[in-house]
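Working notes for the structure below.
Laboratory data are not the source of any read-out in this text; all were calculated from the coordinates shown. These numbers come from a predicted model, not from an experiment. Neighbour counts are summed over all protein chains in view; Cβ atoms, including those assigned to glycine, are modelled from backbone coordinates with ideal geometry.
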Amino acid sequence: MENLLHNPRIIYMVSGSGITPTEQMNDCLRQLAGELEQKGVEKNRVIKQTIFFEAGTAEEYKDKSDGITRSLNEFYSSYVPSTSFISQVPGEVGHLSLEAYVMEGGLQDIKIEHKPLDGKYYSVITTPRYRELYVGGLNGGPEGDIFGQARHSFEQAKKVLEAEGLSFADIVRQWNYIENITKVTGGDTVKQNYQVFNDVRSQYYGAARFGNGYPSATGIGTSSGGVTLGFIAVSPGSISVYPLRNPDQTDAHRYSGKVLVGEGISKETGKTTPKFERGKLLKANDKARIYVSGTAAVVGEDSSHAGDVEKQTVITIDNIYKLLSPGNLSQYGISADIRKKRFSYIRTYVKYQHDMGRVKDICEKHLNSENFQYLISDVCRDNLLVEIEGSVDI
């Protein structure tokens, strides 16, 4: 049976040489060029990329992003694919890392376009039956407060979607990078950065009808850079889209107020919930792609085993397998044992560098992936030490 899904390959590289971010970026780009040459793939098939590096202040973030951008401009010449600059330290401390989405061979029936909008590019994949958007780097700059940064990023997202005749309801996978995600500020009202972000997201999502559930998503902390969004959207067509739910976890968009921190940005709406699904399934004929949202040691709606990184990692992995269990997938006509499949990628966010070794050992013992990514990052709750996301093709 014809496979209607055209899945990109996800390549992850960590700098092996260089001291400055520019030197390290150039090394990653040399690695990428080697991968593309080996596969006989042109640079214009890179459709989205994310660059991770250490930057503790807005000034450092801007300086490093500017230097990295110069390297990207030289490498790609005519355009730079949709790119997110994220201030998260790779697990290999002192290095820079690059994740690239690449459309490889056998693609005679699809069209790849890199479209400019407000000085940045996003990628559109057009097939005879549907279109996909790959978008990153939606960022209002490292200055200002989280409310203004989030609104600016969502305005950019709205502009891209409207240019393609789509809405927020067509997003299937979203990444939300939020500076100092759990930071709480006082004053007349107590505000938490993550809750402010969630309230802004709810405002923008409010105009769309999410008939197939909210996107699969990750909300994760960064040390600087404000708010950065990235997403994958799919046009209505020959692909069926379903939300996936973990029976042992409360849907995030149904959380009670007890796990939401601080006050809402609006007295009328109060605090709003995080609008995402635990996972998202895209199905065409007998093939499927599954996006696994950022997953942590949450049972019901409560954090589990506070302070124990090993137990939290095990529970997180168990949550992923429950989400992708044969019984859970069979209701959508998918027959698969995920434990025998290889994830396209597994990205693990670890709060403290000293826990990295233990978390890595557990992940690679219990998960099977083409590439593992490890980043040092704050998680969306103070008592959570690890978060894992990924995707798998069936």
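Annotations
- Entry for Cα Rg over 2.2 N^0.38 Å (calculated from the structure that is shown) out of (1) 1.46; (2) 1.02; (3) 0.92: (3)
- Around the amide H of Phe343, modelled in the peptide plane, lie the amide H atoms of Asn368, Ser369, Glu370, all under 5 Å away and 5 or more residues distant in sequence or on another chain.
- For region 9-393, the Cβ-based charge dipole about the Cα centre amounts to some 1160 debye (Lys, Arg positive; Asp, Glu negative; other atoms uncharged).
- Were the residues from Thr20 through Lys341 laid out at 0.36 nm apart, the gain over their Cα-Cα distance would be 111.8 nm.
- Reachable aspartates and glutamates, given that their alpha-carbon falls under 15 Å from the alpha-carbon of Lys158 and they are not under 8 places away in the same chain: Asp118, Asp170
- In the chain, a dipole from Cβ-located charges (positive for Lys and Arg, negative for Asp and Glu) runs towards its positive end, and of Ser330, Gly165, Ala55 it is Ser330 whose Cα lies farthest in that direction.
- Fewest-first ordering of Phe154, Phe147 by other beta carbons within 10 Å of each residue's beta carbon gives Phe147, Phe154.
- Relative contact order [Cα under 8 Å, 6+ residues apart], region 150-235, whole percent: 49 percent
- The HN-Hα couplings worked out from phi for region 227-239 by the Karplus form 6.51 cos²θ - 1.76 cosθ + 1.60 (θ = phi - 60°) are 10, 10, 10, x, 7, 10, 10, 10, 6, x, x, 8, 9 Hz, whole numbers, x standing for Gly and Pro.
- Here is how the number arises for the chain: DSSP H runs of 4 or more residues each give -39500 (n - 2.57), the sum is divided by the residue count, and the result at 222 nm is -8000 deg cm²/dmol.
- Across the chain, Cα pairs under 8 Å and at least six residues apart give a relative contact order of 16 percent.
- Model label points for Thr269 and Glu364, set 7 angstrom from Cα along the Cα-to-Cβ axis, are 4.3 nm apart.
- Cα shape, region 298-373, gyration tensor, a/c 1.5 rule: oblate
- Exposure proxy ranking for Tyr177, Tyr101, based on other Cβ atoms within 10 angstrom of each Cβ and starting from the fewest, stands as Tyr101, Tyr177.
- A simple rule links phi to the HN-Hα coupling: the Karplus curve 6.51 cos²θ - 1.76 cosθ + 1.60 with θ = phi - 60°, which for region 172-180 gives 9, 9, 9, 10, 10, 9, 10, 4, 6 Hz, with x for Gly and Pro.
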